[in-house]
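S.K.: To start, I am sharing the structure in question, which I have written as structure tokens.
The values are calculated or read from the model by the stated rules, or taken from the named source; none is laboratory data. Owing to the predicted nature of the structure, the values given are computational and were not obtained by experimental measurement. Glycine also receives a Cβ, built like all others from the backbone with ideal geometry; neighbour counts cover every protein chain displayed.
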């Protein structure tokens with residue numbers, strides 16, 4: 001089994017980091033820093049809690065003056081790159097929110113984001129002074145460094161995974177839109193992915209706004225079209241009619257359904273948790289003009305409460321000639337994941353084409369014998 005990500009923060013890392021700090025600040029007590037950071041209950045702390053523990057310990061071991069302490073981090077940040085050094089922007093988040101530190105903290109976040117990422121650290125600043133911070137984000141969206149431009153979008157995502165929630169932008173995402181407008185044709189894929197993810201976040205609370213924006217943006221630039229497509233992925237999964245039409249997915253004809261015939265089966269139809277099954281599907285589209293279809297299978301997973309929750313899995317997304325037969329087999333694993341636990345019971349499985357159910361079956365999932 002792979003080692004958990006939090007394991008990157010260990011005694012070896014702390015000793016190495018301490019030696020780097022001493023190169024710029026000889027008074028730094030590495031032994032005290034390591035000992036304090038690793039105090040119990042270190043082993044039970046998860047990733048972000050370990051990061052914050054290190055940041056707090058760093059603050060206690062560096063000079064009390066924020067500007068002086070930040071100067072030491074500036075002196076060594078060239079040696080401290082990569083995910084573990086999220087502690088640098090975290091230091092700014094923890095100790096630099098006082099209004100008198102604002103200009104220096106902005107400089108630090110802009111500098112540190114290229115070496116790790118400041119996407120989490122900017123969020124308390126947004127909550128504290130949203131208008132001022134969004135003006136900063138807009139300025140960053142025009143920065144020559146793609147890492148800083150990405151920060152402008154990623155930092156204000158309403159639903160950033162692992163990030164502090166931004167309920168103000170869930171309610172009203174309009175302050176975010178000027179940043180996305182600035183970045184909608186960015187040359188860096190790294191930035192465009194962030195813009196698409198931001199749009200996808202917004203779509204979960206304001207689908208109509210994203211649909212209107214998608215219509216306005218589409219067809220002007222290939223890079224923007226890519227962003228729109230990926231930013232609307234949740235709306236596509238939900239088969240929102242306006243979005244399906246925008247992207248050219250075939251609709252039902254007035255007198256002829258899109259799918260003339262369809263079947264779905266599982267082999268076996270009884271599986272132990274931890275096992276797998278083969279899903280066989282076959283469908284025939286209506287005669288006539290070529291059609292674009294998105295074929296998925298959905299599983300109504302049984303939850304611990306006994307209720308079910310549907311998860312979709314993509315099988316195909318392409319344009320096919322009228323009268324085509326689309327068929328295939330997909331192996332599905334019923335092993336537990338970190339993001340999904342399986343529970344025994346009858347699991348409904350459906351075949352969907354452009355969001356409409358075309359066929360269905362049932363699989364019985366059983367608990368392994370003790």
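S.K.: Considering 72, 20, which residue is under 19 Å from residue 94 (Cβ atoms) and either in the same structural domain as residue 336 (by TED's automatic domain parsing) or assigned to a helix (DSSP H, G or I) (or both)?
M.R.: Answer to the check: 72.
S.K.: Right, next: Looking only at region 142-156, which residues are farther than 16 Å from residue 107 by Cβ and part of a loop (DSSP other than H, G, I, E, B)?
M.R.: 142, 156
S.K.: Then there is this: Looking at residue 52, is it surrounded by 14 or more Cβ atoms within 10 Å (Cβ to Cβ), closer than 24 Å to residue 114 by Cα and without any contact (Cβ under 8 Å) to a residue 24 or more places away in the chain?
M.R.: Against the criterion (surrounded by 14 or more Cβ atoms within 10 Å (Cβ to Cβ), closer than 24 Å to residue 114 by Cα and without any contact (Cβ under 8 Å) to a residue 24 or more places away in the chain), residue 52 does not qualify.
S.K.: Here are some residues: 256, 242. Which one is modelled with pLDDT of 95 or more and not in a strand (DSSP E or B)?
M.R.: When all the criteria are applied, what remains is 242.
S.K.: Moving on to the next point. Condition first: within 15 Å of residue 231 (Cα to Cα) and part of a loop (DSSP other than H, G, I, E, B). Now tell me which residues in region 157-185 satisfy that.
M.R.: Once the filter is applied, which keeps residues that are within 15 Å of residue 231 (Cα to Cα) and part of a loop (DSSP other than H, G, I, E, B), region 157-185 yields 157, 158, 159, 160, 173, 184, 185.
S.K.: If the requirement is being surrounded by fewer than 19 Cβ atoms within 10 Å (Cβ to Cβ) and not assigned by TED's automatic domain parsing to the domain that holds residue 154, which of these qualifies: 265, 234?
M.R.: Result of the check over 265, 234: 265.
S.K.: Given the conditions (1) under 23 Å from residue 137 (Cα atoms); (2) touching a residue at least 24 places away in the same chain (Cβ under 8 Å); (3) under 31 Å from the mean Cα position of the chain (by Cα); (4) outside any loop (DSSP other than H, G, I, E, B), report the number of the one that residue 119 does not fulfil.
M.R.: (4)
S.K.: All but one of (1) modelled with pLDDT of 95 or more; (2) within 31 Å of the chain's Cα centre (by Cα) hold for residue 327, so report the exception by its number.
M.R.: Condition (2) is where residue 327 drops out.
S.K.: Being surrounded by fewer than 12 Cβ atoms within 10 Å (Cβ to Cβ) and not in a strand (DSSP E or B) is the filter here, so list the residues in region 291-322 that pass it.
M.R.: 304, 305, 306, 307, 321
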